[in-house]
Amino acid sequence: MTKMSVALMLAFATSSVYASQNNAYHHEAEIGFLDSSGEADGLFNANYHYYFKAVEQAEKPYELAAFFNQGSTISARYATTDIEDLYNISGEYVFDSKWFLGAGVTQLSTDNAVSDTTTYEIIAGYFFSEHSKLSLNYATNSESKSNNGAYLEYEFESYFSQDIDAITLTYEHFIPLQSTAGVFITGVVGYQNPQYTNNEILTQVDGPTPTIVEDSKLNFENDIYTVAVFADWYINNAWSVGATYYRADVNTDFSSSNIDDSNQSSHSNNITETGLNTRYFWHFSDVFSAKFSLEHYFENSEYNSDSETNFGVAINARF
C-alpha cells in the first residue's frame, strides 16, 4: 500500500467520525456557479449577509436558518454572466413587534445596452409566527438617454426611456412534520407596468428652412400580472425536493408613427412555467458547507414551448 493510499484512508476515516458543529453565526458568505442547458453560458454568484441577531441553525433545515431567525440584516451581492453584471446592496430592520422594513438598490449592466439599469426597492412585512412571513415589495427604475449630432446636411436627435414599476406580495410558511423535517411553501402574486419609448428626428438643414425628413416614435406599454407557488419538502435538514408553478398574463399596447402614417395595436399573451428541483446542503465542517442543486423547468407560451435544466454548486461559510 502506498503512502498516498494510507493518507487517503486516514482522511476518509477522519471525515467519517468527525461531526460538524451547528454553531450560531452572524456572518454568511457564499460563492457559486449555475450551469444551464439553455442559451446562457452560466451564472457566477457571490453574496454576503450580516445578521445582527445570531442565527441558530441546529435542528432545522440549513437552507431556512435565516428565515427562522427573524432578525435585522444587511446584504451584498454580485452576479455575472457572459453578457450581464449585477450589483446589489440591501438591508432589513425587524422591530420588536415583528413588523419589518427594508430597502435595496440593484444595478444591472448589459452588453450593448443603451444604459445601465438601476432599480430601487422597498419592502415591508410582518412575521405572524416563527413559521410564517408576509411581505410587500415595491420596485422601480427609470432610465433615459438622449443624443444629438450632425452629419453632412443633416442633424439628428434621439431619445430613449424605460420606466418599470412592480409590486409583489409574498407569503412564506413552514409546516413541521413528524417523520421528516417539514414542508416550506411560498405563494407570490405580482403586477408590473413596463413602459418603453424611443423617438428619433432627422432634420435637413442645408435649405432655406430646416426640413424634418424623418420623425419616428415607438411606444410599448405592458401590464403584467403574475402568480407563483413554490413547495419544498425537506426530507431532512440537508436534503429537499420541490416543485414550482409560475404564470404571467401579459397585456401589451403598442404604437408607432412616422411622417407618413401611424399604427396602434394591442395584444394579450400568457406564459406558464412548471418545474421540479432537488437541493442538498452538505454541512461538512463547523464553518464551511457545500450546496448542490438540480432543477428542470418546462415553459409554455403562445410562441414557444421549451424546457431547461440547471445545475448549481456553491461553497457556503457561516461564522
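The values are calculated or read from the model by the stated rules, or taken from the named source; none is laboratory data. Values in this document were obtained by computation on a predicted structure and should not be read as measured data. So basically every Cβ, Gly included, is an ideal-geometry build from the backbone, and we count neighbours across all protein chains shown. Accessible surface is based on the protein model in full, side chains and every heavy atom, while ligands, DNA and RNA are left aside. Shrake-Rupley method; radii C 1.70, N 1.55, O 1.52, S 1.80 Å.
Which semi-axis lengths, in whole Å and largest first, follow from the square roots of five times the eigenvalues of the Cα gyration tensor of the range 18-80? The partial results should precede the final answer.
Details: eigenvalues 145, 48, 21 Å².
Semi-axes, largest first: 27, 15, 10 Å.
To put it simply, the accessible area of the chain at a 1.4 Å probe is 58 percent carbon and sulfur.
Phi angles across the range 266-278 convert, under the Karplus curve 6.51 cos²θ - 1.76 cosθ + 1.60 with θ = phi - 60°, into 3J(HN,Hα) values of 9, 8, 10, 8, 10, 10, 10, 9, 10, x, 10, 8, 9 Hz, Gly and Pro given as x.
Per the Kirkwood treatment, what hydrodynamic radius in Å, one decimal, follows for the range 104-167 from the mean inverse distance over all distinct Cα pairs?
In the range 104-167 this quantity evaluates to 15.1 Å.
Gap in Å between the Cα centre of the range 22-66 and the Cα centre of the range 130-196? So the two Cα centres are separated by 22 Å. Of the options (i) 60, 28, 13; (ii) 48, 24, 20; (iii) 39, 23, 16, only one is semi-axes √(5λ) of the Cα gyration tensor in Å as computed from these coordinates, and that is (ii).
Principal-axis analysis of the Cα atoms of the chain puts helix 3-17 at an angle of about 90° to the longest axis.
Please report the orientation-averaged projected area of the range 240-319, defined via the convex hull of its C-alpha atoms, in nm².
On the way: hull surface 36.0 nm².
Mean projected area for the range 240-319: 9.0 nm², to one decimal.
Suppose every Lys and Arg Cβ carries +1 and every Asp and Glu Cβ carries -1, with no other charges. What dipole size does the range 163-319 come out with about its Cα centre, to the nearest 20 debye?
Values: 5 positive and 21 negative charges, 244 e Å.
Once rounded to the nearest 20, the dipole reads 1180 debye.
Place a +1 charge on the Cβ of each Lys and Arg in the range 262-319 and a -1 charge on the Cβ of each Asp and Glu, then give the dipole magnitude about the Cα centre in debye, rounded to the nearest 20. Don't skip to the end; give the middle numbers.
On the way: 3 positive and 7 negative charges, 74 e Å.
I would put it at about 360 debye.
Could you do me a favour and compute the accessible area per residue for the chain, 1.4 Å probe, result in Å²? Mind showing how you got there, number by number?
On the way: 18930 Å² over 319 residues.
Result: 59 Å² of accessible area for each residue.
Dividing the summed -39500 (n - 2.57) terms of all DSSP H runs of n ≥ 4 by the residue count of the chain sets its mean residue ellipticity at 222 nm at -2000 deg cm²/dmol.
Determine the dipole magnitude for the chain: charges of +1 sit on the beta-carbon of Lys and Arg, -1 on that of Asp and Glu, nothing else is charged, the reference point is the Cα centre, and the result goes in debye to the nearest 20.
Numbers: 12 positive and 42 negative charges, 457 e Å.
Taking the Cα centre of the chain as origin, the dipole is about 2200 debye.
Sequence gap of 8 or more, or different chains, plus Cα separation below 24 Å: how many lysine pairs satisfy both in the chain?
Values: Lys53/Lys98; Lys53/Lys133; Lys53/Lys291; Lys60/Lys98; Lys60/Lys133; Lys60/Lys291; Lys98/Lys133; Lys145/Lys217.
Count of close lysine pairs: 8.
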